[in-house]
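Trainee: Have a look at this one before I ask anything.
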Amino acid sequence: MSAAKAKLHVKKGDMVMVITGKDAGKKGKVLEVYPAKNRVVVEKVNIVKKHQKPSRSMPQGGIIDMESPIHSSNVMLYCTDCNSVTRKSVKVTDEGKVRVCKKCGHTLPENKKK
């Protein structure tokens, strides 16, 4: 099997809404993207308990709550201008390609990599 990277419809920092599963209807920011596994980690979605061993950063250890990845097909982009889920469209402008909302036509915020 080839190790080609899959291309996802969401990027790190995008605002998304969960459309299926136990957290359906929740909105949050994409914290991490795993294109090889088609999974994304969304803020405050799919919370699981993790048993943490004591370490220097957390000397007492214990049970912590953390976000777990969900499949990328379970989320849709959320446009804050029209307050609804939407698909993305790409328009070519003089600055280059920009992602725009299919419903209202506003540009989706671009997240600059540092």
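None of the figures in this text is laboratory data; all of them are computed from the coordinates on show. Computed from a prediction, not measured in an experiment: that's the story for all the values here.
Trainee: Residue by residue through region 34-41, which ³J(HN,Hα) values in whole Hz follow from phi under the Karplus form 6.51 cos²θ - 1.76 cosθ + 1.60 (θ = phi - 60°), with glycine and proline marked x?
Mentor: So the Karplus estimates, Gly and Pro as x, are 10, x, 5, 9, 6, 10, 9, 10 Hz.
Trainee: Quote to one decimal, in nm, the extra length available between residue 68 and residue 32 on full extension: 0.36 nm per residue of separation minus the C-alpha distance between them. Before the final figure, lay out the partial values.
Mentor: Working: separation 36, 0.36 × 36 = 12.96 nm, distance 1.01 nm.
Taking residue 68 through residue 32 to full extension adds about 11.9 nm, to one decimal.
Trainee: Follow-up. Determine the alpha carbon to alpha carbon distance for each of 12/44; 5/27; 44/103 and list only those over 18 Å. Present the calculation step by step, with values, prior to reporting the outcome.
Mentor: Working: 12/44 15 Å; 5/27 26 Å; 44/103 26 Å.
Flagged as over cut-off: 5/27; 44/103.
Trainee: Using amide H atoms built 1.01 Å from N in the peptide plane, name the residues 5+ places from residue 42, or on other chains, whose amide H lies under 5 Å from its own.
Mentor: Amide H neighbours of residue 42: 31, 70.
Trainee: Still on this structure: Have a look at region 1-65 and give its Rg and Dmax from the Cα atoms, expressed in angstrom.
Mentor: Values for region 1-65 (Cα only, Rg and Dmax): 15.3, 44 Å.
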